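Following: one structure in structure tokens, then a few remarks.
Derivation of every value follows stated rules applied to the coordinates shown; laboratory data play no part. Note that the structure is a prediction, hence the values are computed from the model and not measured. Here the Cβ is made from the backbone with ideal geometry for all residues, glycine too, and neighbour counts use every protein chain on show.
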Amino acid sequence: MGTTLHPLNPSDANLIQARLSELGYYRYQPEGIWGLVSRSALQDFKAANGLSADDVWDGSVEASLRQARPTPASDTPFGEWSVVGFACSAEMNPRKMVVSAKGIVVGSMICDMQGPLARSSADWSGSVLCHIDGRDIASKISLRVSGQRLVDRSVIGTSTIVPTSFDRCS
């Protein structure tokens with residue numbers, strides 16, 4: 001409704017992916033196939049730009065994507081991060097964090113967002129339900145983005161995490 005582009009049309013999907021790529025949300029070459037990676041990139045874009053963090057394409061999303069200065073991924077915690085000094089490429093790197101509009105994964109811990117991340121300047125916070133060793137633990141996320149660095153000051157259950165610095169994976 002109210003759109004000129006449709007993600008299921010390959011040429012439109014290619015244009016949308018190209019714009020999401022330009023902004024850093026879609027980390028692949030645009031290929032015109034609207035799948036899970038495209039939908040996830042759209043969700044992250046929407047969450048970062050104050051829209052509902054779902055994969056619904058409508059006129060407000062198209063307008064936000066076309067605006068001159070939408071929030072780029074580089075200003076958000078969305079993406080892959082690795083503890084300073086550790087390689088991003090290692091499989092199942094316990095020092096790697098993947099943040100999306102839907103959740104956060106660190107090693108074997110998976111945390112599902114319980115609402116959108118709220119932004120206050122460079123800080124992003126929200127509630128998550130973390131799944132650790134067969135247990136579900138309500139937790140508070142607190143992330144600060146500064147350039148290519150992210151500082152995690154989250155509270156998992158009742159345990160405050162020692163602030164940890166991460167570098168953005170390219």
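Taking Cα atoms, how many degrees apart are the long axis of helix 10-22 and the longest axis of the chain, rounded to 10 and kept between 0 and 90?
50
For D58 and S108 in one chain, what is 0.36 nm times their gap in residues minus the Cα-Cα distance, to one decimal in nm?
On the way: separation 50, 0.36 × 50 = 18.00 nm, distance 3.52 nm.
Full extension from D58 to S108 adds 14.5 nm.
Considering the Cα positions of the chain, please state its Rg to one decimal place and its Dmax as a whole number of Å.
Final numbers for Rg and Dmax: 16.3, 49 Å.
Apply 1/(1 + (r/R0)^6) to the Cβ-Cβ distance of S125 and A18, taking R0 = 35 Å, and write down the FRET efficiency to the nearest 0.05.
The calculated FRET efficiency here is 0.65.
Give the cross-link partners of K46 among the lysines, using a straight C-alpha distance below 23 Å as the criterion and excluding same-chain residues fewer than 8 apart.
K102, K140
Nothing charged except the Cβ atoms of Lys and Arg (+1) and of Asp and Glu (-1): what's the magnitude of the dipole of the range 5-156 about its Cα centre? Round to the nearest 20 debye.
For this selection, approximately 460 debye.
With bins 5 Å wide starting at 0, give me the P(r) of the range 10-72 over every alpha carbon pair, in whole percents.
Whole-percent P(r) values from 0 Å outward: 4, 21, 35, 28, 12, 1.
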